[in-house]
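Here is the structure we will look at, set down as structure tokens.
The values are calculated or read from the model by the stated rules, or taken from the named source; none is laboratory data. As the structure is a prediction and not an experimental result, all values here were calculated from the model. No Cβ is skipped: glycine too gets one built from the backbone with ideal geometry, and neighbour counts run over all protein chains shown. Areas reflect the complete protein model, heavy atoms only, side chains present, ligands, DNA and RNA absent. Shrake-Rupley method; radii C 1.70, N 1.55, O 1.52, S 1.80 Å.
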Amino acid sequence: MSDKLFDVCGIGNAIVDVLAHCDLDFIDRMSLNKGTMTLIDAARAEALYDAMGPAVEASGGSCGNTIAGIASLGGRGAYIGKVGNDQLGGIFRHDMRATGVHFETPTATTTTPTARSMIFVTPDAERTMNTYLGACVELTPDDVDPAVVTRSKVTYLEGYLWDPPLAKQAFLKAANLAHGAGREISLSLSDPFCVGRYLTEFQDLVKNHVDILFANEHEITALWETADFDEAVRITREHCSLAAITRSAKGSVIVAGPQLIEVPAWPVQKVVDVTGAGDLYAAGFLYGYTQGRDHADSGRIAALAAGEVISHFGARPETPLAELLLQQVG
């Protein structure tokens, strides 16, 4: 590989999203945990797929969405994630490369299928995710390319990686490589249930390994075991040099040492589907950060990117974000 420098290298679960609208009765009937991500096995994945209405398949995965968003903004992105040797794996790889993202992780050599997430979008635009990890669990430390990580300004990791055991080791290898090269590590907490599963480990990660933290208000309060958002912000300030915390319609708060920067949500005519809102917020912020923008400006770019993705169905931008950036932020 050349000496090309990447803005952000993302390491995550390579997942194809299967999205469908449903009503609240369906959520209850199928015993789904509304508004969260639940890990499921292959049999449950098949049952939900059979029960869901007309669906749209699109490459997704939290980190994959973020890196695609950075590319849409004009940033230089790389991605590390495992797909199966199947049609969905081919679609995922094509979609990432088509955005200009560097994606060279070897395909799984087993027959394990590519991961997929059944996403049910209710009339309130909330999404309920049921994820079969499939080939994601076969991501190993050997898949972490030191040449990519050490040439990336920031390596971005999704909290969902903490579920597959070998992916957890890959996560830690990447963190060590990045810091050894004087680069930075960013983490998204991903989901309050994810935080709950690995609370002590996540607290240690945030305190000792993470330079830039992303969370929503439910995740950050879960992390610090408090119901008080202001208290969670205070604790975050003690342990993080930089954190961006999203609050849905309330916008976001950027915590940077003594600075507390409030960023309003980007106005949209209609919220259609909140799938990917946090992922694209992280994309916008990391793009601004790696381009040398100040925190407030990076927050505005983040809000714009999140606003674009919630205005339509699906978790990746429909309009090139670089065009919107020129028009709206400059």
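Quick check for me: using +1 on Lys/Arg Cβ and -1 on Asp/Glu Cβ, what's the dipole size of the chain about its Cα centre, in debye to the nearest 20? Display every interim value, and only then the final one.
Values: 25 positive and 41 negative charges, 133 e Å.
With Lys and Arg at +1 and Asp and Glu at -1, about 640 debye.
With every protein chain left in place, what is the accessible area per residue of segment 250-330 in square angstrom, probe 1.4 Å?
Details: 3490 Å² over 81 residues.
Dividing the accessible area of segment 250-330 by its residue count gives 43 Å².
If you stretched the chain out fully between H94 and E225, how much longer would it get, using 0.36 nm times the residue separation minus the C-alpha to C-alpha distance?
Working: separation 131, 0.36 × 131 = 47.16 nm, distance 4.09 nm.
Separation in residues times 0.36 nm, less the Cα-Cα distance, equals 43.1 nm.
Carbon and sulfur together cover what percent of the accessible area of segment 83-137 at a 1.4 Å probe radius? Before the final figure, lay out the partial values.
On the way: 1160 of 2260 Å².
The computed percentage sits at 51.
Within the chain, what's the longest run with no GluC sites (Glu not before Pro) in a DSSP loop and at most 16 other beta-carbon atoms within 10 Å? Give the range, please.
Values: sites that count: E104, E225, E318.
The longest uninterrupted stretch comes out as 105-224.
Give me the distance between the Cα centres of segment 205-231 and segment 153-183, rounded to whole Å.
18
Give me the accessible area of H209, 1.4 Å probe, in Å² rounded to the nearest 10.
Probe radius 1.4 Å; accessible area of H209 about 60 Å².
Excluding residues on the same chain fewer than 8 positions from K173, give the lysines whose Cα lies under 25 Å from its Cα.
Straight-line reach from K173, under 25 Å: K4, K82, K153, K207.
Name the residue farthest towards the positive end of the dipole of the chain from the options N33, A43, T109, assuming +1 on Cβ of Lys and Arg, -1 on Cβ of Asp and Glu, about the Cα centre.
Ranked along the dipole, the leading option is T109.
Could you identify which residue out of A181, A303, A135 has the top mean-square fluctuation in a GNM of the chain using Cα springs shorter than 10 Å?
Of the options given, A181 has the highest mean-square fluctuation.
If you take the charge dipole of segment 117-241 about its Cα centre, with +1 on Lys and Arg Cβ and -1 on Asp and Glu Cβ, which of H179, A222, M129 is farthest toward its positive end?
Selected residue: H179.
To the nearest 20 debye, what is the magnitude of the charge dipole of segment 209-328 about its Cα centre, counting +1 on the Cβ of each Lys and Arg and -1 on the Cβ of each Asp and Glu? Walk me through the numbers on the way to the answer.
On the way: 8 positive and 16 negative charges, 52 e Å.
So the dipole magnitude of segment 209-328 works out to roughly 260 debye.
Give me the percent of DSSP beta bridges within the chain that run antiparallel, rounded to the nearest 5. Before the final figure, lay out the partial values.
On the way: 20 of 54 bridges.
Counting DSSP beta bridges with both partners in the chain, the antiparallel share is about 35 percent.
Leaving out ligands and nucleic acids, and using a 1.4 Å probe, what accessible area per residue does segment 113-249 come to in Å²?
Numbers: 4930 Å² over 137 residues.
Computed with neighbouring chains in place, this is 36 Å² per residue.
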